[in-house]
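Below is one structure, written out as structure tokens; the observations come after it.
The values are calculated or read from the model by the stated rules, or taken from the named source; none is laboratory data. Here the structure is a predicted model, which means the values were calculated and not measured. Don't worry about glycine lacking a Cβ; one is built from the backbone with ideal geometry, like all the others, and counts go over all protein chains shown.
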Amino acid sequence: MSADPETPLRADAQRNRDQIIAAARAIFASHGPEVPMEEIARAAGVGVGTLYRRFPDRDALIRAVAVDNFAGVLDDAKRLSVEAPTAWDALVQLLYQGAELQLSMQLAMLSQRAHEILKNDPEVARLREAVLLEVDDLVLRAQAEGSLRKDVGAGDVAVLFARIVRQLPAHRLKMPELATARSIAIMIDGLRAGPVTPLPGRPIGKEDLL
């Protein structure tokens, strides 16, 4: 993020920042956070100098993308919690939202570089915990509805999703979006209440991931 995120940006500066964040989000999701900064600037339609004025190094850009992304996931989770007809529907829709949740999982759990940058960041920690609290609430409510199997926790859902969205090299998967959607559908069926195979151990809760 910029050196002083509380200072309002001019319209053109804000537009440049938004373009950089959007480009970095898309590139991080498909290729990880190690992509050259020049490529991110080119995708954003700005000069490299503009990128570095807003984000002095890669760590600052990764943090800004993470904060922006976790905030988006949190907004989606809160909105679905209110708007969806049931907690199960809200959880399913959140999982199918895809891109923002996918990138959040990649940055939080799958990228070692991003994990090292973000693990002690207070704003990222606050947002990540808030997202997990929303997921935990949906899990408990869906279990109370009788829709979600009783022997899973919010951590189980997060870990399952993180494993599903782990990116395969493009040359090995011709239709990554379709493959991910099918995998999520299989995961959702595995989470439904009903005759199931007992799981080993205990449910993985949100506290296991914080």
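Consider A108 carefully, then state whether it is modelled with pLDDT of 90 or more and surrounded by 16 or more Cβ atoms within 10 Å (Cβ to Cβ).
no
Take the stretch 1-40 and flag every residue that is basic (K, R), more than 15 Å from V67 (Cα to Cα) and either modelled with pLDDT under 85 or in contact with a Leu (Cβ under 7 Å, 6 or more places away or on another chain) (or both).
Of everything in the stretch 1-40, just one residue is basic (K, R), more than 15 Å from V67 (Cα to Cα) and either modelled with pLDDT under 85 or in contact with a Leu (Cβ under 7 Å, 6 or more places away or on another chain) (or both), namely R10.
Please determine whether any residue of the stretch 75-98 is in a helix (DSSP H, G or I), at pLDDT below 90, touching a helix residue (DSSP H, G or I) at 6+ places or on another chain (Cβ under 9 Å) and surrounded by fewer than 16 Cβ atoms within 10 Å (Cβ to Cβ).
Yes, that holds for at least one residue.
What are the residues in the stretch 138-148 that are surrounded by 18 or more Cβ atoms within 10 Å (Cβ to Cβ) and either among the charged types (D, E, K, R) or touching a Gly at 6+ places or on another chain (Cβ under 9 Å) (or both), if any? Don't jump to the end; show me each part of the working.
If we filter the stretch 138-148 for residues that are surrounded by 18 or more Cβ atoms within 10 Å (Cβ to Cβ), which is where we start, we get 138-139, 142-143, 147-148.
Residue satisfying the conditions is V139 alone.
Report whether or not D151 is surrounded by 13 or more Cβ atoms within 10 Å (Cβ to Cβ), closer than 22 Å to L74 by Cβ and modelled with pLDDT of 85 or more.
On the way: surrounded by 13 or more Cβ atoms within 10 Å (Cβ to Cβ): yes; closer than 22 Å to L74 by Cβ: no; modelled with pLDDT of 85 or more: yes.
Here the answer is no, as D151 does not meet what is asked.
Look at L101 and say whether it is closer than 20 Å to E207 by Cα and at pLDDT below 75.
Values: closer than 20 Å to E207 by Cα: yes; at pLDDT below 75: yes.
It is true that L101 is closer than 20 Å to E207 by Cα and at pLDDT below 75.
In the stretch 27-65, what residues are part of a helix (DSSP H, G or I), surrounded by 19 or more Cβ atoms within 10 Å (Cβ to Cβ) and touching a residue at least 60 places away in the same chain (Cβ under 8 Å)?
F28, A29, R63, A64
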